[in-house]
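So the structure is just underneath, and the comments pick up after that.
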């Protein structure tokens, strides 16, 4: 057996604690003088022995449970012999109805091993049903599990979605060949609709495996709405998308007289954004004591700003900053790093920085993440190959954590039943 994290075994020294407590509790009992022992039955001594035996049994069970928990944390793996000549094929579940791939799989010999690219690597079945909302596999996490497969060469058929690549690039001793099944067709997914003053605007996500972008269109017919949802017909099917009201964005500016020029540049930037977005942005100058919920508060005063609720842009000069707006390290608080003029507002794209600060697409962002179908290049997807293993490591490692877990569950049940029966 091989352990992924053998340092956890040092915690086995903790088994001495329950043993010490048990032995300490077995100190010599007090002697009590009584008048007669004539009525004591011999069964008392047998019952006492049973209680002592039961205490040792419970102690052993509890120590075994603790040892199994530590073994599970150590990541047990079992060495098995592998077949270098055999090729294992892994297929991403979302490719279950991919016609060109099905023809390729049917041409393989019956001895070829075809598995699903998902946790546990279950066997491929012809009647596999494609889930309504396919989950994107975590590719690099699954690569770490591929060392438990019984062959050196692995062919992976995948869509290689960008969403499925997270954490650090893994290392593997397996020869993994990735086959990315690219999608040439253009997909379109309605995300949500905006309720404007005179019309409806539908925002859709379009793209293929290489690009993803937004498409906005004004709806004139073919839809119905009720409450906060919109129903429309897409490719002959009725779909429901959220309906969002485009409320006016309110911005409060709290400025001293010496910041008059900065206030004018800010107002001009917000007017440009309002025209570009076709959305109302109302900017007003208010006193510092005014507290109301708005999209953004701007503090242009020499007086020190104190933390307040809401989103804030606070003037704090920083001559070393290469942007006019930067994060402060506090939630919803940003620094304006310089006074504004024609040169820096143009060269440093101040209006675009304000747009990111307003975060007007907060309702769209989680939907984009959910339906992102960009694909990775094969070269970017490959893990780090560490070369041929040493003689001792040529056997394949099989993860036995699941077996250890179920043994742990059985011992826990036995311990609870024993304690209940004996009233310990």
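Bear in mind these aren't lab numbers, they're just calculated from the coordinates by the rules spelled out. Bear in mind the structure is a predicted one, so any value in this text is a computation, not a measurement. Counting neighbours? That spans all protein chains shown, and the Cβs are built from the backbone with ideal geometry, glycine included.
Secondary structure note: in region 187-246, about 90% of the DSSP beta bridges are antiparallel.
Evaluate E = 1/(1 + (r/R0)^6) for residue 303 and residue 99, where r is the Cβ-Cβ distance and R0 equals 56 Å; express this FRET efficiency to the nearest 0.05. Approximately 0.20, to the nearest 0.05.
Kirkwood Rh, Cα Rg: Rg to Rh for region 209-276?
On the way: Rg = 19.9 Å, Rh = 16.4 Å.
That ratio is 1.21, to two decimals.
Were the residues from residue 167 through residue 419 laid out at 0.36 nm apart, the gain over their Cα-Cα distance would be 86.3 nm.
Counting every other Cβ atom within 10 Å of each residue's Cβ, 91, 143, 413 order from fewest to most as 413, 143, 91. Taking other Cβ atoms within 10 Å as a rough exposure proxy, 61, 90 sort from fewest to most as 61, 90. Take each peptide in 367-380, 147-160, count the other Cβ atoms within 10 Å of every residue, and average; sorted highest first, the result is 147-160, 367-380. Taking every Cα-Cα distance in region 128-228 and sorting them into 10 Å bins from zero, the calculated P(r) comes out as 11, 30, 25, 18, 10, 5, 0 percent.
With each label modelled as a point 7 angstrom along the Cα→C-beta vector, the residue 210-residue 410 pair spans 5.6 nm. Counting beta carbons within 10 Å around each of 223, 270 and listing the fewest first gives the order 223, 270. Using every pair of separate Cα atoms, the Kirkwood estimate puts the hydrodynamic radius of region 187-246 at 11.9 angstrom.
Provide the packing ranking of 347-353, 72-78, i.e. peptides ordered by the mean count of other C-beta atoms within 10 Å per residue, highest first. Can you show the working numbers first?
On the way: 347-353: 15.4, 72-78: 17.6.
Peptide ranking by packing, descending: 72-78, 347-353.
First measure r as the distance between the Cβ atoms of residue 240 and residue 12, then evaluate 1/(1 + (r/R0)^6) with R0 = 60 Å and state the FRET efficiency to the nearest 0.05. FRET efficiency, residue 240 to residue 12: 0.60. Secondary structure note: in region 283-341, about 30% of the DSSP beta bridges are antiparallel.
What is the percent of Cα-Cα separations in region 249-363 that go past 26 Å? Spell out each step's value before the answer.
On the way: 684 of 6555 pairs.
Value for region 249-363 (Cα pairs over 26 Å): 10 percent.
The protection proxy used here, the mean number of other Cβ atoms lying within 10 Å of each residue, ranks peptides 171-177, 211-217 as follows, highest first: 171-177, 211-217. For the pair residue 326 and residue 267, label points projected 7 Å from Cα toward Cβ lie 3.0 nm apart. Counting only DSSP beta bridges with both residues in region 249-363, the antiparallel share comes to about 15 percent. Note on residue 403 and residue 319: with the Förster distance fixed at 45 Å, the Cβ-Cβ geometry gives a FRET efficiency of about 0.10.
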